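Okay, structure first, notes after.
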Number of protein chains: 2
Amino acid sequence: MTDHSPSGQDVDVVVVGGGLSGLTAAYQIHRKDPSLRVVVLEAKDRVGGRTLTVELDNGNGTDTWDLGGQWVGRCQPHITKLLAELGLDTYPQYIQGRKFMQLGGDVVTSYTSDIPSLSGLALIDLQRTINRVERLSKMVDARDPYNCQCSKFDAELDGMSLDSFMRKHMWTKSAKECIDAANRTILGVEASQVSVLFYLMYVSAAGGIRPLVEASENTGQESKIIDDNSVHVTCKNGVCVTAKRVVIATPPQLTGKIIFSPPLPTEKQQMMKRMPMGDIIKVIITYREVFWRSAGQSGEVVTDGGPTHVSGCERGPLCVVYDNTSYRGSPALLAFIGGKAAIQWRNQQALERKSAVLKSLSEFFGHKVWSYVDYIEKDWGQEPYSEGAPTSSAAPGTMAYLVKGLRHPYMKLHFAGTESATVWCGFMNGAVQAGLRAANEVLYHLRPQIVSAAELLDTVYGPSTQNRPASMSRRPNKAFKWTVGLVFIVGEAAVLTNLSHGVVGALFVQVMVVHL
Amino acid sequence: MTDHSPSGQDVDVVVVGGGLSGLTAAYQIHRKDPSLRVVVLEAKDRVGGRTLTVELDNGNGTDTWDLGGQWVGRCQPHITKLLAELGLDTYPQYIQGRKFMQLGGDVVTSYTSDIPSLSGLALIDLQRTINRVERLSKMVDARDPYNCQCSKFDAELDGMSLDSFMRKHMWTKSAKECIDAANRTILGVEASQVSVLFYLMYVSAAGGIRPLVEASENTGQESKIIDDNSVHVTCKNGVCVTAKRVVIATPPQLTGKIIFSPPLPTEKQQMMKRMPMGDIIKVIITYREVFWRSAGQSGEVVTDGGPTHVSGCERGPLCVVYDNTSYRGSPALLAFIGGKAAIQWRNQQALERKSAVLKSLSEFFGHKVWSYVDYIEKDWGQEPYSEGAPTSSAAPGTMAYLVKGLRHPYMKLHFAGTESATVWCGFMNGAVQAGLRAANEVLYHLRPQIVSAAELLDTVYGPSTQNRPASMSRRPNKAFKWTVGLVFIVGEAAVLTNLSHGVVGALFVQVMVVHL
C-alpha cells in the first residue's frame, strides 16, 4: 500500500497526508483493487495525524494511552465499521459516580445524573438552548449547510459568532458557560471564534447536541510541465512520484501551506484562510489506584478553569476531566486544556502549568491527585504538520464556501480530511468517511467498474445535483480551459533530518501535478 | 541599502518583505546610520507589496495608474511626512458632480452633497450608527484595543461579527447596506467576517469613521545551530545572509507560511491563523474624454452590485466607483470588486466579468462606458506573496492576541507591516508607521545612542508599561531560557525562475535565525 522509497516512482494514486483520513483512502483504494499502486506521503516522522498512542508508567510497568483522538461511539458508523473490519475492539468510558461542575462563580458542585448541577432557571435555559440548536441543526443539511431550509437566515447565522448567538438567546450566565466549556474541548476554540452555522452543521453531522456532547470525548481528534496525463509529486528532499490521481488529506490550514499553481479555486482558498485549527492540550496523569472511584466520583469535571493567580492567565487551565483508566485497568485521569486556556497556559513554564493542573484537580478529587505516577501533556498547537487540534472551525461568514472549498475535487486532486466529512465531521469517524469518499472518487476515475452507485452517493459523482461541482454541471468551456492548464503544488518544507527516521519514508515537500 | 547578490553576506539587519513597510524600515535604518548594512529580501520579482503602478493606453499614448494603494490624506501623518521627505507631490481626487448609490432595492439614486441619497429614517439610522461606532471607537486605544475603557464589553465586542452588531443596532436595511458597501472596499471582507472590536480599532486608528470612509480610497513576508550572536537567513535558492537583527514585514497570513523553529509565540500564531487577507479586485478603465464630468457626475458610485443573471454570482460585481483621471489629465474610472463579490466574480471568465463591470457602469454613466480605451483588472487575491488586499482583518475572538501577536518583537525578530500599525493601520500610512517603528526597535539595539525617547514612544522600549512585552517586565527566567534557544525560519518557497528577473535579487525562501 505504501512504498518506503518512492523516489522517481510512477504510481496510480498519491495520498498527501498519513492521518486517519489519508490512510483510510489508501486502505480503501488498495482493498478495492490491490493492483492499484498507492503512495502515502507524510511530513511527520509518523503516521496517525491527530491520533497518537504513547506508553506511560502505571507504577507497575507501563500501559498505553492516547494523546490524541481516543473515543468512538456506535452512533459513528464509518469508524465503527472500520474498527470491525480491522478486528479492533473497544471498551466503555467509566461514567459512574459523582461528576463535578465549576462555572463562573468558582463554586464547585457535584451531581450523579446526566443533568448538570445548575440552578432551576439555568437548567431550563440550557435545555431550551439545546432544543433551539437541535431544531435549527435539523434544518441544516451537513452535506450542503449554506443552503439550508432556514435559508433566509443562513447568511445571518453564518455571519454570527456562537458567542453572539448565545448572548442573544440565553438567559443565564451559567448555562452559557456550560456550553462554552463543552466547546473548548469539542472544537478547541472559544464560542466567539466560531460561525453559528458551522456549529449547527457540526451538531447536524453528529445527529444532535446530546450525541455530540456525550461524545465530546470523541475529539478525533509540489511540479513542472510535462506532456502526459498524470500528476507529478516532487518533495523538497528529492522524492518524486508520478501518479494518475492525488488525494490531499491535510487540514485546511496546512493545505494552505502547499503552493498550487495555478492556485486552487477561490472557495478552497477561502477555507484555507478562514478555517483555522483549534488549540487543545491533552493531559494524562497515571495513578496507582482509582482513588476517585472509591470516593464515589466518576472522574468527570466540567469547569471554566476556576480562579488563578498566574499572571497572563484569566482562569485556571482545565476545561473537562474524565476517568481515563486503561483497558488493562491502569488508573489514569484525563484533562483537557482548550481554546483560550490552551493559548494562555501554553505560555507558562511547563512546571507552572503542571502545578496548576494538579492544584485544580485537587479541588475536586482531594490531595491524592498529587501522588501521581506519570504525567504527560500533548500540546497539539505546538505539533508541526498539525498545528492544532481537535479540529478546524469555520470563522463567521465562511460557510458559503465550505462544500466546494473542502469536499469537491479539482482537476486530478481529491480532498479528504475529517473537516470535509458530513457524518461526524471533526471526529475520527469523519476522517474515515472522508477517506472512503475520496477513495471512491479516485476509483470512479481509475476503476469505474468496481465502484457501486451507493458508494458514489456522497461524492460529486452521485445522483444529487447539489453535490455536483459547478464545473461539471455547467460552464463546460471553463472546465475545459482548466483541464488544459497546469497544477503546480509546492508542499510544506519538512525538516531534512526526519529522513533518517521516517515511518512512511516519503516526506511531502514539493508535489507536482500536471493535467493536460 | 539593498544588495543584489547578498549570498553569504554578513550584514546588520535583514528586512524580510519589500513592501512599503519593509522598505520604510530599511530606509529609516539606513538614513539614521548609513554605516549599518541592511538587506531587503523579497519573494516577488518586484518591490512595493500591495502597491503597483502600471502604464495604460489613454487613447493618445500612455499614462500611469495604480493597481494597488493610491490615495493618501493629510490626516495620515506618517505617509505624508515620508512623501514630503522624498519630495513627492500629490493631487486631489475629483469629487465634484452627482454621485450614485444603488443598494438593496436595485434602484439607482444620485446626490451631490456628502449626504447619501437614503430615506429620512435610513439617514437617521446611518448617522446614529456612525455616532455609536465613533463613540465606541474613542474608547478603544488602537495601541491596546483589547483593554479598552469599555473593557467589560471588549470580549463581547471581539466575539461579535460586525454583521451581528449592525443587525442588533440598526433599524434599516439600506443604512446597513451602505456600511456593508464601504467595508467591502475598505477591508475587502464582508461585515460577517470581521470582529466588531477590530472594526472599532480600525476606526480609532483612522481618527473616526468619516476620515476612514472619506479616505476609503486609501486602500492602501531557516537555520542551523551556530555559536555566535546573530541571525542567519538562508533562502531556498541558496541565498544566505547573516545579520544581527531581522525585520519581518509580511502580512500575518504570509508570515504564517514561514516555518519558525522553535515556533513563534502563541499570540503570533493566533494572528497568523485568525487574521486572513481580504479579497479585492481593482479595475481601471481609461477613456478619451471625461464624459461623466460633462454630464455633471462626479464618477462616484456606491452599490451593492445590483441584480445579475450570471450563475454563481448573487449580485453584480461593483462595490464602489471613483473618477480616476490621472494627474496628467488622462480620463479614467476606477471600480472596486470587494469581499464576497470578489470571490464570486473571480470564478467567472475574464470576458464575462469585464462585460458585467461595463454593464453595471453603463447603468450609472450611460452607453459611453462601452467606448473605453484600455481596461485592466488586478485581482489581489490571486497575487502570490500577497494573497489578497487591501488588508488583513481579525476574525471575531482574536483581538486579545493582537498587540503581542502583530507588534511585539520576539528574540531578534522585529515585526512591521501595516497590520501592526496604530495610526491608519491597513493603509499605506500604517505600513510607513510600522516600518519606522520596527526600524527604531532595531536601532535601539544596534545604535541606542541615535534613537530618541520620542522615537521609542510607540515601541516596546517606550515608557508605557502596557506596550512592554511580558517577557521584558516579568518572567525573566523564561525570557532567559528563550534567548539561549534557537530560532529556525523556513521561508516561503519562491518559484526558482523568478531568479532571472528579480528586482531585489534575494528571494526569501529559507531564512535561518539563530540566537544564542
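The values are calculated or read from the model by the stated rules, or taken from the named source; none is laboratory data. This structure is a prediction, so every number in the text was calculated from the model and none was measured. No Cβ is skipped: glycine too gets one built from the backbone with ideal geometry, and neighbour counts run over all protein chains shown. Side chains are part of the model used for accessible areas, which takes the heavy atoms of the whole protein and leaves out ligands, DNA and RNA. Shrake-Rupley method; radii C 1.70, N 1.55, O 1.52, S 1.80 Å.
For B:Thr418, state whether it is out of contact with any strand residue (DSSP E or B) (no Cβ under 7 Å at 6 or more places or on another chain) and away from chain A (no Cβ under 14 Å).
yes
Can you tell me which residues in the stretch B:416-464 are of a type in the set (Phe, Trp, Tyr) and open to solvent by less than 10 Å² (accessible area, probe 1.4 Å)?
Listed by number, the residues that qualify are B:Trp424, B:Phe427.
Report yes if some residue within the stretch B:113-129 is open to solvent by 60 Å² or more (accessible area, probe 1.4 Å) and modelled with pLDDT under 75; otherwise report no.
yes
Just a yes or no: is a residue in the stretch A:131-150 in a loop (DSSP other than H, G, I, E, B), among the aromatic types (Phe, Trp, Tyr), open to solvent by 30 Å² or more (accessible area, probe 1.4 Å) and more than 13 Å from every other protein chain (Cβ to nearest Cβ)?
Within the stretch A:131-150 (the criterion being in a loop (DSSP other than H, G, I, E, B), among the aromatic types (Phe, Trp, Tyr), open to solvent by 30 Å² or more (accessible area, probe 1.4 Å) and more than 13 Å from every other protein chain (Cβ to nearest Cβ)), the answer is no, since none of the residues qualifies.
Going through the stretch A:268-303 one residue at a time, which ones are more than 22 Å from the chain's Cα centre (by Cα) and open to solvent by 20 Å² or more (accessible area, probe 1.4 Å)?
A:Arg288, A:Glu289, A:Val290, A:Arg293, A:Ser294, A:Ala295, A:Gly296, A:Glu300
Can you spot a residue in the stretch A:224-244 that is open to solvent by 20 Å² or more (accessible area, probe 1.4 Å), assigned by the TED database to the domain that holds A:Gly405 and at pLDDT 85 or above?
Yes, that holds for at least one residue.
Answer yes or no: is there a residue in the stretch B:22-35 that is surrounded by 17 or more Cβ atoms within 10 Å (Cβ to Cβ), among the small types (Gly, Ala, Ser), outside any loop (DSSP other than H, G, I, E, B) and not assigned by the TED database to the domain that holds B:Leu436.
No - not one qualifying residue is present in the stretch B:22-35.
Restrict the check to the stretch A:197-207 and report whether at least one residue is in contact with a Gly (Cβ under 9 Å, 6 or more places away or on another chain), within 12 Å of another protein chain (Cβ to nearest Cβ) and modelled with pLDDT of 80 or more.
Scanning the stretch A:197-207 turns up at least one residue that is in contact with a Gly (Cβ under 9 Å, 6 or more places away or on another chain), within 12 Å of another protein chain (Cβ to nearest Cβ) and modelled with pLDDT of 80 or more.
Based on what the data block shows, is B:Gly48 under 17 Å from the mean Cα position of the chain (by Cα), outside any helix (DSSP H, G or I), buried (at least 24 other Cβ atoms within 10 Å of the Cβ) and of a type in the set (Gly, Ala, Ser)?
Taking the combined requirement at face value, the residue does not satisfy it.
What about B:Ile258, is it within 11 Å of chain A (Cβ to nearest Cβ), in contact with a Gly (Cβ under 8 Å, 6 or more places away or on another chain) and modelled with pLDDT under 90?
yes
Could you say whether any residue in the stretch B:52-69 is under 24 Å from B:Thr250 (Cα atoms) and either open to solvent by 40 Å² or more (accessible area, probe 1.4 Å) or touching a Cys at 6+ places or on another chain (Cβ under 6 Å) (or both)?
For the stretch B:52-69, residues under 24 Å from B:Thr250 (Cα atoms) and either open to solvent by 40 Å² or more (accessible area, probe 1.4 Å) or touching a Cys at 6+ places or on another chain (Cβ under 6 Å) (or both): present.
For A:Tyr375, work out the one condition from (1) farther than 16 Å from A:Ser21 by Cβ; (2) assigned by the TED database to the domain that holds A:Asn440 it doesn't fulfil.
A:Tyr375 satisfies every listed condition except (2).
Would you confirm whether or not the stretch A:298-317 contains a residue that is under 30 Å from B:Ala341 (Cα atoms) and in contact with a Gly (Cβ under 7 Å, 6 or more places away or on another chain)?
No, because not a single residue in the stretch A:298-317 is under 30 Å from B:Ala341 (Cα atoms) and in contact with a Gly (Cβ under 7 Å, 6 or more places away or on another chain).
Sort out which residues of the stretch A:356-388 are surrounded by 20 or more Cβ atoms within 10 Å (Cβ to Cβ) and within 14 Å of chain B (Cβ to nearest Cβ), and write them in order of number.
A:Asp379, A:Trp380, A:Gly381, A:Tyr385, A:Ser386, A:Glu387, A:Gly388
Just to be sure before I move on: is A:Phe153 open to solvent by 20 Å² or more (accessible area, probe 1.4 Å), part of a helix (DSSP H, G or I) and of a type in the set (Phe, Trp, Tyr) in the structure I sent?
yes
Would you check if A:Arg74 is of a type in the set (Lys, Arg), under 30 Å from A:Gln297 (Cα atoms) and not in a strand (DSSP E or B)?
It is true that A:Arg74 is of a type in the set (Lys, Arg), under 30 Å from A:Gln297 (Cα atoms) and not in a strand (DSSP E or B).
Hey, among the residues in the stretch A:395-412 that are aliphatic (A, V, I, L, M) and part of a loop (DSSP other than H, G, I, E, B), which one's least open to solvent (accessible area, probe 1.4 Å)?
Of everything passing the filter in the stretch A:395-412, A:Ala395 is least open to solvent (accessible area, probe 1.4 Å).
Which one is nearest to the chain's Cα centre (by Cα), of the residues in the stretch A:80-101 that are closer than 17 Å to A:Asn324 by Cβ and β-branched (Val, Ile, Thr)?
It comes out as A:Thr90.
Taking the stretch B:151-175 as the search range and keeping residues that are away from chain A (no Cβ under 14 Å) and of a type in the set (Gly, Ala, Ser), which one is nearest to B:Arg407 (Cα to Cα)?
The residue in question is B:Ala175.
List every residue pair whose Cβ atoms lie under 7 Å apart, where the two residues are 6 or more positions apart in sequence or sit on different chains, the first residue falls within the stretch A:130-143 and is of a type in the set (D, E, K, R), and the second residue, located anywhere, is modelled with pLDDT of 90 or more.
A:Arg132/A:His169
Just wondering, is there one or more residues in the stretch B:395-406 that are more than 18 Å from the chain's Cα centre (by Cα) and closer than 21 Å to B:Asp304 by Cα?
There is no residue in the stretch B:395-406 that is more than 18 Å from the chain's Cα centre (by Cα) and closer than 21 Å to B:Asp304 by Cα.
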